[in-house]
Amino acid sequence: MILSRFPIVALSCCMAALVGMPAPAAAQNTGEIFTCVDRTGKRHTSDRPIAACLDREQEVRGRTGTVRKVLPPSYTGEERAALEARQRAEEEEKARIVEERRRERALLLRYPNKAAHDRDRAEVLSQIDDVIAAVQRREDNLKAQRKEIENEMEFYQGDPAKAPAWLKRKQEDNAAQFEVQKRFLDTQLREKQRINARFDEELARLRQLWGPATGAAPASGGTVTPVSGAAGR
């Protein structure tokens with residue numbers, strides 16, 4: 001009698017142990033539904049993360065269909081580096097646009113119309129022209145000095161080696177100074193061209209910002225004739 005009851009008791013103990021054990025993870029039903037659209041445009045639905053959408057976001061929905069959370073894409077190291085580089089490039093482009101808009105606002109505040117821009121151009125160019133005129137006056141003085149030296153050197157035309165040392169030094173010094181002034185003049189002329197090019201570029205941008213009424217082009221073109229100083233040679 002006792003032996004006949006033993007299998008029943010053993011079976012009861014085994015059932016109790018099985019009830020206490022947790023179910024396998026794959027068999028658990030959390031009620032979560034994963035949805036996504038893959039790179040081909042196909043929509044997927046599953047009770048677990050979807051392998052076809054590892055490179056994009058996946059929505060995790062509850063039983064009612066509401067989105068509980070969004071799983072971010074799973075990237076490889078190379079893909080993550082490429083994504084970060086693309087994000088940096090986008091941020092730099094946004095910063096560039098912001099800076100460009102700031103400069104445009106500052107440009108409009110400084111030059112509300114073409115007359116203001118023309119005045120500023122003429123003022124800057126006049127300063128360069130004053131420097132050029134001073135250089136050219138210095139060149140004229142050096143030319144006059146050279147003429148005097150040449151007159152003195154006429155006494156030694158037959159044998160220039162007999163010319164006194166002080167006269168030779170004076171002649172060499174005159175030639176050196178004239179070369180310095182020539183290089184400086186060339187620098188100022190290039191600076192004048194650069195300034196005109198900058199104002200021309202500004203004017204082209206300002207015409208877009210002003211609109212047709214304010215930014216009408218003059219018949220003679222954009223470059224302003226200097227108001228003072230000698231013309232560049």
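Once the Cβ-Cβ distance of A161 and D186 is raised to the sixth power relative to R0 = 45 Å, the FRET efficiency obtained is 0.85. Using 0.36 nm per residue and subtracting the Cα-Cα separation, the extra length available between M153 and D120 on full extension is 6.9 nm.
Rolling a 1.4 Å probe over the protein heavy atoms of region 72-187, with every protein chain left in place, gives an accessible area that is 52 percent carbon and sulfur. Per-residue accessible area (protein heavy atoms, 1.4 Å probe) orders D159, D130 as D130, D159, starting from the largest. In this structure L209 has an accessible area near 50 Å², from a 1.4 Å probe over the protein heavy atoms. Remark: the E78-E93 segment gains 3.1 nm on full extension, using 0.36 nm per residue and subtracting the alpha carbon distance. Grouping the Cα pair distances of region 22-153 into 5 Å bins from zero gives a pair-distance distribution of 2, 8, 8, 8, 8, 7, 6, 5, 5, 5, 5, 5, 5, 4, 4, 3, 3, 3, 2, 2, 1, 1, 0, 0 percent in increasing distance order.
For q values of 0.13, 0.18, 0.25 Å⁻¹, compute log₁₀ I(q)/I(0) with the Debye formula on a Cα-only model of region 44-99, without solvent. Once normalised to I(0) and log-transformed, intensities are -0.51, -0.73, -0.95.
For the pair R137 and Q193, a Förster radius of 22 Å applied to the C-beta separation gives a FRET efficiency near 0.50, rounded to the nearest 0.05. A full extension of the chain between E201 and E100 corresponds to an added length of 34.9 nm, given 0.36 nm per residue minus the alpha carbon distance. Local charge for D47 was computed over the other residues whose Cβ lies under 14 Å away, with Lys and Arg +1 and Asp and Glu -1, and equals +2.
Starting from the Cα of K192, draw a straight line to each of the lysines and keep only those under 29 Å, dropping any in the same chain fewer than 8 residues away. Here the lysines satisfying the reach criterion relative to K192 are K114, K143, K182.
The values are calculated or read from the model by the stated rules, or taken from the named source; none is laboratory data. Because the structure is a prediction, the values reported are computed rather than measured. When we count neighbours, we look across all protein chains shown, and the Cβ atoms used for this are built from the backbone with ideal geometry, even at glycine. Note: accessible area is taken over every heavy atom of the protein model, side chains too, but ligands, DNA and RNA are not part of it. Shrake-Rupley method; radii C 1.70, N 1.55, O 1.52, S 1.80 Å.
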